[in-house]
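Below is one structure, written out as structure tokens, with a few remarks after it.
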Amino acid sequence: MLAIVHTVALSGLDGQLVRVEVDMGTGLPGWEIVGLAGAAVKEAKDRVRAAIKNSGFDFPPRKITVNLAPADIRKEDPWYDLPIAVGLLAASEQIPAEACEQCVFMGELSLDGSVRSVRGVLPAVASMAAGGYPRIMVPENNAGEAALVENARVCAVSDLGQVVRILRSEEECQPYQVDIRDVFKTGIMPEEDFADVRGHYAAKRALTVAAAGGHNLLMLGPPGSGKTMLARRLPGILPELSLDEALETTMLHSLAGLLDQQTFLLTGRPFRSPHHTASTISLTGGGRVPRPGEISLAHNGILFLDEAPEFRRDALEALRQPLEDGMITVSRVSANVTYPARLQLVLSLNPCPCGNYGDPEKECGCTPSQIQRYAGRISGPLLDRIDIQIEVPRVKFQDLEGEEYGENSATIRERVRAARRIQQERFAKATFHCNAQMGSREVRLWCRLTPPAKRLLREAFERLKLSARAHDRVLKVARSVADLESSEIIEATHIAEAIQYRMLDRVNR
């Protein structure tokens, strides 16, 4: 007998319907799985056999062929266990085949028949619901993220026996429901607060401008000056995620297997801080079936590279394309996958290998060639894509011992929100929402300068020998400074502040 069950195959965030065709014929007992099945899917034979027997059902001693169609798509996920098991039970007439027709199944089986959670459920359910297959059976631990999809009828199952009872109409499965807006409102603010930062007034101002316009940031300073501390407080002053941004970010984390039963919707902006030994593939994403890397996991949030010169050169250079395009394409023999990667890049680095170059109190023991080689690990084209470059000096003793606290993150965040509201109105008809994402055409349209501001920008361009890209980035930062002051036109003071944030351009001239 032939039975057909439906499941899904993912390529990036896009899902395609897969037909699990189970045929039982005459011949020596045994079974084969065909249809470009990966190792994890081929191993399903032993898991499914044990799960069926240990759940109290009969495993048919027949010649079994399982075809995963279409056969030109690679199937790697272990969630094919459940649809294969359901197909076997339907083909052996232990459950009615017609009950399986309008349902999509996904889940990994344990040997005792329990259904284990899998990754990538949210984008898979979203694809199936959009394709007209709203009734979906998923593992109980994945039900929260699956229920985030509107118009999806999610049935949460804990074991194979429950699946059979539902298909036999012996047990009713109530659709698992989640109030997504209620969950979205329960976002937790970061614990790190700018009120704890002593001194660093110029650096805090630069971070405020970066948050207001979504600009990339570089901090140069000696060890222990507070670069990492400042970076970790940046998420606390960024505006909240919109619901669409939260869902898109959650899909990427679901695909990477970073969600759990309690945290199935990301309500705060991600902050990713990989170690400097991270490989290029771990940053960009990859594998035989490409998975999202740190660049994509920081989508709608922050990617912080501490001690940036210690990262591999090719890993740093891989950042150039996503910083410009807001997406990253991972090409492999089996598939080409494009992931969203619209992020804020934050780099921190020492001025030299020992960290004391330029320090008025500590002597640097590095040779000029060592300093030059260390600084050269970050290429000029990458530096050109960093809007704000600042120096973070050591904190003075009187700032550490003073009793006065600075502004807290909530106060700064209100100013950032006001600036972002201006940008949302400005870019209401565009596909982007902040100044840092403007193209050349938008820069010409929205960055109107006063005559003194034009003269100052011209002088800076000639003296600092800025590139065309750096010229536009100065204008974008000046636009954000003006938005913080609710100014429609960019004044000379706004241009002057933006030029101050091109620290490396000034130092190298």
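The values are calculated or read from the model by the stated rules, or taken from the named source; none is laboratory data. Since the model is a prediction, treat every value here as computed from it, not as a measurement. Glycine also receives a Cβ, built like all others from the backbone with ideal geometry; neighbour counts cover every protein chain displayed. For the accessible areas, the whole protein counts, side chains as well, though only heavy atoms, and no ligand, DNA or RNA atoms are used. Shrake-Rupley method; radii C 1.70, N 1.55, O 1.52, S 1.80 Å.
HIS276 accessible area, nearest 10 Å², 1.4 Å probe?
My reading of the accessible area for HIS276 is about 70 Å².
Can you give the charge dipole size of region 354-509 about its Cα centre, rounded to the nearest 20 debye, using +1 on the beta carbon of Lys and Arg and -1 on the beta carbon of Asp and Glu?
Working: 28 positive and 23 negative charges, 217 e Å.
Using Cβ point charges on Lys, Arg, Asp and Glu, region 354-509 gives about 1040 debye.
Run the dipole for the chain about the Cα centre, Lys and Arg Cβ at +1, Asp and Glu Cβ at -1, nothing else charged, and hand back the magnitude in debye, nearest 20. All intermediate terms of the calculation are to be shown ahead of the outcome.
Working: 61 positive and 65 negative charges, 380 e Å.
The calculation lands at about 1820 debye.
Give me the accessible area per residue for region 336-392, probe 1.4 Å, as a whole number in Å². All intermediate terms of the calculation are to be shown ahead of the outcome.
Details: 2630 Å² over 57 residues.
Normalised by residue count, the accessible surface of region 336-392 is 46 Å².
Can you spot the aspartates and glutamates whose alpha carbon is less than 15 Å from LYS204's alpha carbon? Ignore those fewer than 8 places along the same chain.
By straight Cα distance, LYS204 reaches GLU192, ASP193, ASP196, GLU391, ASP399, GLU407, GLU414, GLU497.
What whole-number value in Å² describes the accessible area per residue of region 153-263 for a 1.4 Å probe? Could you put the intermediate results ahead of the total?
On the way: 4870 Å² over 111 residues.
For region 153-263, the per-residue accessible area is 44 Å².
Using a 1.4 angstrom probe on the protein heavy atoms only, could you order ASP306, ASP23 from most to least accessible area?
Working: ASP306 45, ASP23 65 Å².
My answer, sorted largest first, is ASP23, ASP306.
At 1.4 Å probe size, what's the solvent-accessible area of ARG385? Round to the nearest 10 Å².
Per-residue accessible area (ARG385): approximately 20 Å².
Given the Cα-Cα distance of SER440 and MET1 and 0.36 nm per residue of separation, how much length would full extension add, in nm? Show your work: numbers first, answer last.
Values: separation 439, 0.36 × 439 = 158.04 nm, distance 6.28 nm.
Extending this stretch completely gives an extra 151.8 nm.
Please arrange PHE57, PHE304, PHE271 by accessible surface area, largest first, computed with a 1.4 Å probe and ligands excluded.
Largest accessible area first, the residues go PHE271, PHE57, PHE304.
Can you give the accessible area of THR277 in Å² (nearest 10), computed on protein heavy atoms with a 1.4 Å probe?
100 Å²
Run lengths n ≥ 4 of DSSP H only: what is the helix-derived mean residue ellipticity at 222 nm for the chain, with -39500 (n - 2.57) per run over all residues, to the nearest 500? Walk me through the numbers before you get to the answer.
Numbers: 23 runs with 194 residues, N = 509.
About -10500 deg cm²/dmol.
Quick check: with the 1.4 Å probe, what order do LYS204, LYS429, LYS362 take by accessible area, largest first? Working shown, then result.
Numbers: LYS204 20, LYS429 210, LYS362 110 Å².
In descending accessible area the options line up as LYS429, LYS362, LYS204.
Take LYS396, project a point 7 Å from its Cα along the Cβ direction, then tell me which residues of region 190-225 have their backbone nitrogen under 11 Å from it.
The answer is 199-200.
Over what distance in Å are the Cα centres of region 104-166 and region 17-34 separated?
A separation of 23 Å, based on Cα centres.
Divide, for region 267-369, the radius of gyration over alpha carbons by 2.2 N^0.38 Å, where N is the residue count. Intermediate values should be presented prior to the final figure.
On the way: Rg = 16.3 Å, N = 103, 2.2 N^0.38 = 12.8 Å.
Scaled against compact globular proteins, the figure is 1.28.
List the relative contact order of region 62-154 as a percent without decimals, with contacts defined as Cα pairs under 8 Å and 6+ residues apart. Intermediate results must be reported in sequence, preceding the final value.
Numbers: 109 pairs, mean separation 21.6, N = 93.
Relative contact order here is 23 percent.
If I take R0 = 45 Å and measure r between the Cβ atoms of SER169 and SER242 in this structure, what FRET efficiency does the formula 1/(1 + (r/R0)^6) give, to the nearest 0.05? Numbers along the way, then the final one.
Values: r = 41 Å, r/R0 = 0.92.
After rounding, the FRET efficiency stands at 0.60.
What's the FRET efficiency of HIS471 with ASN408 using the Cβ-Cβ distance as r and R₀ = 51 Å, to the nearest 0.05? Walk me through the intermediate numbers first.
Details: r = 36 Å, r/R0 = 0.70.
The value I calculate is 0.90.
So what's the chain giving for Cα Rg divided by 2.2 N^0.38 Å, two decimals? Walk me through the numbers before you get to the answer.
Working: Rg = 27.5 Å, N = 509, 2.2 N^0.38 = 23.5 Å.
Ratio of Cα Rg to 2.2 N^0.38 Å: 1.17.
Amide H of GLU391 versus every other amide H placed in the peptide plane: which residues, excluding those fewer than 5 positions away on the same chain, fall under 5 Å?
The answer is LEU220.
Which percent, nearest 5, of DSSP beta bridges in the chain are antiparallel? Don't jump to the answer; show the numbers that get you there.
On the way: 27 of 57 bridges.
If I count the DSSP bridges inside the chain, around 45 percent turn out antiparallel.
What's the carbon and sulfur percent of region 244-297's accessible surface, probe 1.4 angstrom, rounded to a whole number?
Numbers: 1110 of 2190 Å².
The C+S portion of the solvent-accessible surface of region 244-297 is 51 percent.
Would any residue of region 255-275 have its amide N under 19 Å from a label point 7 Å out along Cα→Cβ of GLU310? List them or say none.
Zone members listed by number: 272-275.
For the pair GLU459 and ARG421, how long in nm is the line joining their label points, each one 7 Å along Cα→Cβ?
3.7 nm
Got a sec? Charge dipole of the chain, +1 on Cβ for Lys and Arg, -1 for Asp and Glu; which of SER296, VAL149, SER254 is way out at the positive end?
SER296
Starting from the exponent 0.38 and prefactor 2.2 Å, build the expected Rg for region 101-178 from its residue count and divide its actual Cα Rg by it.
Normalised by 2.2 N^0.38 Å, the Cα Rg of region 101-178 equals 1.01.
In region 357-407, carbon and sulfur make up what percent of the accessible area (probe 1.4 Å)?
Numbers: 1720 of 3520 Å².
For region 357-407, the apolar C and S fraction of the accessible surface comes to 49 percent.
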